[in-house]
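Below you'll find the structure, written out as structure tokens, and then a few comments.
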Amino acid sequence: MQQTDSVNWNSTNGSALRIASPGHAIFAVTMIALGILDLIKGDFNAIWQPVPKGFPAREVLAYLCAFISLASGIGLLWRRTAAVASRILFIFLLAWLLLLRVPHIFVAPNVETTWAGAKTAVVLAAAWVLYVWFAGDRDRQRIAFVTGDAGLRIARSLYGLALIPFGIAHFLYLKQTVVLVPGWLPWHVFWAYFTGVAFIAAGVAVLIGVWARLAVTLSVLQMGLFALVVWIPIVITGANAFQWQEFVVTLVLTAGGWVVMDSYRGMSWLALGKR
């Protein structure tokens, strides 16, 4: 099966480390960094936000998120703990999406709530792919729908679905997007529209299985370029709190997308009907 092959191709036999792909390593390190930052800050990072101020046991939940991020990130890198870490992260993120994100999308359907749900969906998609890769025989037998090819397809579809709100936001917040285009680039409005269309097109391609591998790869490249071209110069010159949050979000989304991208290894770049 494709997910098993992905692990075998990249694992180091006889080593305590278990690196299934470059995206896996980057995602794990990113989760570790998020966990450390959250423990220092004592609050939710931009990936978990928004969480209402009056939410029950909010501070305890913030530290729980930090611990889950840190522990799962470390666990994902080790052969003996990768399966457990991916399972825990998958379950936690799935609960976060279903209990905190989806209800708000239906109660207050707007760009902010949809954007928050899309962020969670990308990270969940990455955790799901890793769970499919690392699941043990018991999980494959008992919950084959989650840990088999069907689970992998759902994870990819979640990622594709999340890309669409990212693109729509470029149109609804055109002015704010145009401001972020570096001054040395011409046609600022064009780039705002182009990147928005690119996200939407990539999301649709993944959902319908048309050139899905190419679409995911280009979406990850685009997010990585956002971090490199837009956010890093802003951070270097002095970013405010909001800009720091967006920088962190971009890094996490890039890492999550990279895992999903790696799940397409072995598939043709121009495959049709493959999700």
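Read-outs throughout are calculated quantities, based only on the coordinates presented, and are distinct from any laboratory measurement. Everything quoted here is computed from the prediction, not taken from an experiment. Note that each Cβ is placed from the backbone with ideal geometry, even for glycine, and that neighbours are counted across all protein chains shown.
Projected onto planes of every orientation and averaged, the convex hull of the alpha-carbon atoms in the chain covers 15.1 nm².
Based on Cβ point charges of +1 for Lys and Arg and -1 for Asp and Glu, what charge dipole magnitude is obtained for the chain about its Cα centre, in debye rounded to the nearest 20?
Details: 19 positive and 10 negative charges, 97 e Å.
I would put it at about 460 debye.
Using a cutoff of 8 angstrom between alpha carbon atoms and counting only pairs six or more residues apart, the relative contact order for the chain works out to 21 percent. Scanning the chain for long hydrophobic helices, with DSSP H runs required to stretch 24 angstrom or more by C-alpha along their axis and to average at least -1.0 on the Kyte-Doolittle scale, returns 22-41, 58-76, 111-134, 149-172, 188-208, 241-262. Residue by residue, segment 226-239 carries 3J(HN,Hα) couplings of 4, 4, 6, 8, 9, 7, 4, x, 5, 5, 5, 7, x, 8 Hz when phi is fed to the Karplus relation 6.51 cos²θ - 1.76 cosθ + 1.60 (θ = phi - 60°); x denotes Gly or Pro. Would you please state the base-10 log of I(q)/I(0) at q = 0.15, 0.20, 0.21 1/Å for segment 47-185, with intensities from the Debye formula using one equal scatterer on every alpha carbon? One equal scatterer on each Cα of segment 47-185 leads to -0.84, -1.19, -1.24. Each residue in Val107, Val132, Val178 was given a count of other beta-carbon atoms within 10 angstrom of its own, and listing them fewest first yields Val107, Val178, Val132.
What whole-number distance in Å separates the alpha-carbon centres of segment 74-143 and segment 166-210? Centre-to-centre distance over Cα atoms comes out at 26 Å.
Between the listed residues Val84, Val230, Gln176, the Cα displaced farthest toward the positive end of the dipole of the chain, a dipole computed from Cβ unit charges relative to the Cα centre, is found at Val84.
Close amide H pairs (under 5 Å, H built 1.01 Å from N) link Trp78 with Arg18, residues at least 5 positions away or on another chain. Average projection, convex hull of the Cα set of segment 169-275: 7.1 square nanometres.
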